[in-house]
Every structure is written in C-alpha cells, then in structure tokens.
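The values are calculated or read from the model by the stated rules, or taken from the named source; none is laboratory data. Please read these numbers as outputs of a predicted model, since none were measured by experiment. Ideal geometry is used to build each Cβ from the backbone, glycine not excepted, and the neighbour counts take in all protein chains shown. Calculation scope for accessible area: heavy atoms of the full protein, side chains included, ligands and nucleic acids excluded. Shrake-Rupley method; radii C 1.70, N 1.55, O 1.52, S 1.80 Å.
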Amino acid sequence: MSAIPHAVVVGPGRVGLALGYAMVRHGAVDALTVCGRRPEPPSHPLFIEGLARYEFGLVPPEPYTAAVFLAVPDHVLPELAHALAGHGRAPDGCVAFHLSGALSTDVLAPLNQQAYGVGALHPLQAIAHPVSGADRIPGSYLAVTGAPEAISVARKIAAALGSPILPVPAARRPAYHAAAVMASNFLPPLVDAACRILERAGIPFDEGLAALVPLIRGTLDNIEEHGIGASVTGPIARGDAETVALHLRALEGSDRTLYSVLGREVVRLAEGRAPEDALREILERLEAEGD
C-alpha cells in the first residue's frame, strides 16, 4: 500500500520534479499532480510516461489530497502560501510542506488558518537534475520540521523512500542549512581550485578533474569508514612543516589563501596525531600566509 493517496507538487523545478518522481517510483504516493506556470508540462518522465498529471497554474487540491509540496524559491513562498490559502480550507487531513532548507514553517502561516498542517521537508542531497536527482533522494536523510500531523506524513513518505528522518527545530534550520551548504556547495569550488593548480603543474583541467575524482571518492569512503579525524592524511597530519612551506611558495593569491585557511582546520584535526611542535610551526606558517 502506498504511503499517501495523492500529493501535489507546486513548482516543476529540479527538486520538485526529482522528489515527485522518487515518490511515484517508490510507491510513496498513489497519484501525483504537478502545478506549473507554463501551459505545457516540462519534458520529464513523470509526464512522458503518464506517471503524473500536470496543471497549468495553482489549482485547489483534490478532496483526497494528503500533502502539498511548495517546491519554489524561498522568496516566492510567502506569495504562494497566500495564494494556496486563497483556494480555501485544506482537504481533510492534508498537510503542506515547503522544501526550503533554511526557512522555518512561519512562512506557511496563512495555510495554518485554512486547516493545513504545515511543515518543512528538505532532502539532504545535492539535486542537480530533475531526473537523475530522483535516484539520489531515496536513502538520503530528510530534514523535517513542523506540526505533528506534518511529521506523521513525512515519516510515511520517508519510510517508502527508505530515507531516515532528521528532525530539525524550526529556529535552527538556518544552522542546519549552513552545514549542508558547506558540505555540498563548498566542494565544487575547492575541486575547481585544485584543478586550476594542477594546470600550473602542466596538467589540463579536464584531465586533472578526472584524476582527482577517485581521490575525492576515496577520502569520502575513508570518512564514512574511519571517521573524520582518522581520514586526514598528508603533510599536515604527519607534521611535515617543510612540505607545507613548499606548497605555500608554489601558490599565490586566492589559492594560497584558501590553502592557508583550510590548512588551519587540518591542523586542528591533526592535534594529538602529529608532534605538537611541528603542528605549531605549520600553524604559524599558515597564519602568516593567510593574513
């Protein structure tokens, strides 16, 4: 049996379509409706394969709708919440979620007045594409905030997706989202910097990226298997101040600043593993270069 009989996704963007596609494929919903601003649906398996109904504009939820997902940019949410509230009272037992990572449920206050149970549901996953993103959501954590009835529906959906629930207090969602941004959004520019530095070593950018990806995957595997501290390798972890100095001389500008800032964090993680005096010397070098 499906988790819920019918869901509505408002906003056919990357996250909305990926979540809807994942829910349909994993039996989290019996039926799905997607509302969008264009007369025709986007080219997506949900519509090509007849897995979902598309509606032009915001339509009132059907009486059997159990959940509405407002999958729009954060700044649009207040307007959309008012618009949905303008369609009248919620179907019996229906809840409404926004998919923002940073916002509390306060932005959905107009829906409270129309008997919606309100919540926030944010897949803790990097969703770069509306189709392949559906493969990444199942098994990923879902950060959930909201009223008890919203949490109950979220748990049913999460169970169907095989996804653990990550409860996040409403007031702490900005901190939660900042952590997610650091873990995901800060990685591409770091890899970009490494590829650019490899170019200075005579290695073409694309070839450098291909060479670094297995290294990055290996590091992530080590973190998962052995923890963060034990996964720190390299010259700082072994207290090799001369190699760190060699690196700093080879870098310039923002690359040297980035190396210095992140290197200080590596020093912190390496405490207790490398000789204390060596780490102190490394930290002094990094602070001098980073200021």
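For this structure, a couple of remarks:
- In the chain, the DSSP-assigned H stretches of four residues or longer account for a calculated mean residue ellipticity at 222 nm of -14500 deg cm²/dmol, using -39500 (n - 2.57) per stretch and the full residue count as denominator.
- GNM remark for the chain: springs join alpha carbons under 10 Å apart, and the peak mean-square fluctuation among 190, 111, 32 falls on 190.
- Sorting 182, 23 by accessible area puts them as 182, 23; the probe is 1.4 Å, largest comes first, and only protein heavy atoms count.
- Taking every DSSP bridge with both residues inside the chain, close to 15 percent are antiparallel.
- The structure shown yields log10 I(q)/I(0) by the Debye sum over Cα atoms at q = 0.08, 0.09, 0.10, 0.12 Å⁻¹, and of the options (1) -0.42, -0.51, -0.60, -0.80; (2) -0.35, -0.44, -0.55, -0.80; (3) -0.47, -0.57, -0.67, -0.83 that calculated value carries the label (3).
- Alpha-carbon centroid distance for the pair the range 117-160 / the range 231-280, whole angstrom: 38 Å
- Once backbone amide H atoms are built at 1.01 Å from N, residue 100 has 121 as its partners under 5 Å, excluding neighbours fewer than 5 places away on the same chain.
- Rg/Rh for the range 1-98, where both radii come from Cα atoms and Rh is the Kirkwood radius: 0.93
- Pairwise label distance in nanometres, residue 183 with residue 115, each label 7 Å out on the Cα-Cβ vector: 3.9 nm
- The tail of the calculated P(r) for the range 62-154 beyond 16 Å holds 53 percent of all Cα-Cα pairs.
- Nearest-20 debye value, the chain charge dipole, Cβ charges on Lys, Arg, Asp, Glu: 760 debye
- P(r) tail fraction, the range 201-257 - alpha-carbon pairs more than 18 Å apart, %: 56 percent
- Atom-type composition of the exposed protein surface of the chain places 56 percent of the accessible area on carbon and sulfur (1.4 angstrom probe).
- Square roots of 5 times each gyration tensor eigenvalue, C-alpha, the range 120-252, largest first, Å: 37, 18, 14
- The rule of thumb for compact globular proteins, 2.2 N^0.38 Å, goes into the C-alpha radius of gyration of the range 139-197 1.51 times.
- Residue 221/residue 287 FRET efficiency (R0 30 Å; Cβ-Cβ; nearest 0.05): 0.40
- Calculated FRET value between residue 252 and residue 276, using beta carbons and R₀ = 22 Å, to 0.05: 0.15
- Residue-normalised accessible area of the range 1-126, expressed per residue, 1.4 Å probe, Å²: 44 Å²
- Cα-based radius of gyration of the range 208-291 once divided by 2.2 N^0.38 Å, which approximates compact folds: 1.12
- Applying a DSSP loop filter and a limit of 11 other Cβ atoms within 10 Å to the GluC sites (Glu not before Pro) in the range 181-257 leaves 252.
- Take the Cβ atoms of residue 62 and residue 190, set R0 to 35 Å, and the FRET efficiency comes out at 0.15.
- The range 80-229, relative contact order [Cα under 8 Å, separation at least 6], %: 18 percent
- Placing +1 on each Lys and Arg Cβ and -1 on each Asp and Glu Cβ, with no other charges, gives the range 156-291 a dipole about its Cα centre of roughly 640 debye.
- Among residues other than residue 13 with Cβ under 14 Å from its Cβ, the summed charge is +2 (Lys and Arg +1, Asp and Glu -1).
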